[in-house]
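Trainee: Have a look at this one.
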Amino acid sequence: MSERTPSPGPGLPRLAPRLPSAHKGDYGRALLIGGSRGMSGAIALAGKATLRGGAGLVTLAVPDVCLETVAGFEPCYMTTPLHSDGEGRIAATSLDQLVPLVERATCVACGPGLGRSPELVSFVDELYQTLQKPMVVDADALNALAARRDGVAAPGGERVLTPHLGEFRRLQEQAALESLTAEEAAAKLALRHRIVLVLKGSQTLITDGRRSVRNATGNPGMATAGSGDVLTGVIAALISQGLSAWDAAQLGVHVHGRAGDLAARQLGQISLIASDLLDYLAPALRESEET
């Protein structure tokens, strides 16, 4: 029996068709901030996913000590070096370097492979509160926000936060928070601070507090390192192409999960790794356009 392609449902957002006269500038400039010595792969996965998600131009801002490593993963994105600290992480002094990059960006994503340090807490906090561009926040950028009381308050613009349950518990400072209670808390937090929360897990919840939807795609094989980095890139790509934070989160989670389902059908769930998802983003996006 052939596998049935899941319907995205009548409410799933769509990207506008591309015009014959289009050029790369029409599909946004995505800026991804992250990486550190020993975690270069995370930001590279996110960057490649942003390309596969359709962003016209993708730049990865990474610590200078790992720029060549990150650049070596993919020739189609650009890389720019940031000041690093003694452990190979982004230094707080690099904020000034980001100013011209942020001015040109359509969407900014921060977190994959970032690492943790007191300086990075201040770094992420500054971006979160002052950046007026849409921003996707994941991984260690979430941990940086969690290090500040009410760290998600006062966002400077549209924000999509993509925590798994453990990261959300840290944001809420509630180590014993259960899944169902976390979903209620996610909706309240999103509404209070006018952000979009993607609570990752089985049937990932997407909520802005006023609206909440569950995702029907995905499988346990996606519970593997780097899968969330791919999702970050996909959502950033969709925002870069003109979707709102809410619409990009819905479509991005669906496509990411569908890519995982297509990969698992070919490779099995046990052997599935995050980089496999990149190979199936294209057919997953094509399905979303055709259904």
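The values are calculated or read from the model by the stated rules, or taken from the named source; none is laboratory data. What you see is a predicted model, and the numbers here were worked out from it, not measured in a lab. Cβ coordinates were reconstructed from backbone atoms using ideal geometry, including for glycine residues, and neighbour counts include every protein chain displayed.
Trainee: Please go through segment 74-100 and pick out each residue that is assigned to a helix (DSSP H, G or I), in contact with a Leu (Cβ under 7 Å, 6 or more places away or on another chain) and hydroxyl-bearing (Ser, Thr, Tyr).
Mentor: Answer for segment 74-100, where residues must be assigned to a helix (DSSP H, G or I), in contact with a Leu (Cβ under 7 Å, 6 or more places away or on another chain) and hydroxyl-bearing (Ser, Thr, Tyr): just Ser94.
Trainee: Taking segment 165-203 on its own, how many of its residues are touching a strand residue (DSSP E or B) at 6+ places or on another chain (Cβ under 6 Å) and surrounded by fewer than 18 Cβ atoms within 10 Å (Cβ to Cβ)?
Mentor: The number of residues fulfilling the criteria is 1.
Trainee: Just to be sure before I move on: is Thr69 in contact with a helix residue (DSSP H, G or I) (Cβ under 7 Å, 6 or more places away or on another chain), farther than 17 Å from Ala30 by Cα and free of Cβ contacts under 8 Å to residues at least 40 places away in the same chain in the structure I sent?
Mentor: Judged against the criteria, Thr69 is a match.
Trainee: Give the residue, chosen from Val108, Val102, that is under 14 Å from the mean Cα position of the chain (by Cα), within 16 Å of Glu126 (Cβ to Cβ) and at pLDDT 95 or above.
Mentor: Working: Val102 fails: under 14 Å from the mean Cα position of the chain (by Cα).
Unique residue meeting the criteria: Val108.
Trainee: Between a first residue in segment 119-145 that is of a type in the set (S, T, N, Q) and a second residue that is part of a helix (DSSP H, G or I) and buried (at least 20 other Cβ atoms within 10 Å of the Cβ), which pairs have beta carbons less than 7 Å apart while being 6 or more apart in sequence or on different chains?
Mentor: Asn143/Glu167
Trainee: Follow-up. Count, please, the residues in segment 238-287 that happen to be in contact with a Leu (Cβ under 8 Å, 6 or more places away or on another chain) and of a type in the set (Val, Ile, Thr).
Mentor: Number satisfying all stated conditions: 2.
Trainee: Test of understanding: among Leu281, Leu243, which residue is in a helix (DSSP H, G or I), closer than 25 Å to Ile33 by Cβ and at pLDDT 95 or above?
Mentor: Leu281
Trainee: Continuing with the same structure: Looking only at residues in segment 68-104 that are touching a strand residue (DSSP E or B) at 6+ places or on another chain (Cβ under 7 Å) and among the hydroxyl-bearing types (Ser, Thr, Tyr), which one is farthest from Thr130 (Cα to Cα)?
Mentor: Only one residue tops the list, namely Tyr77.
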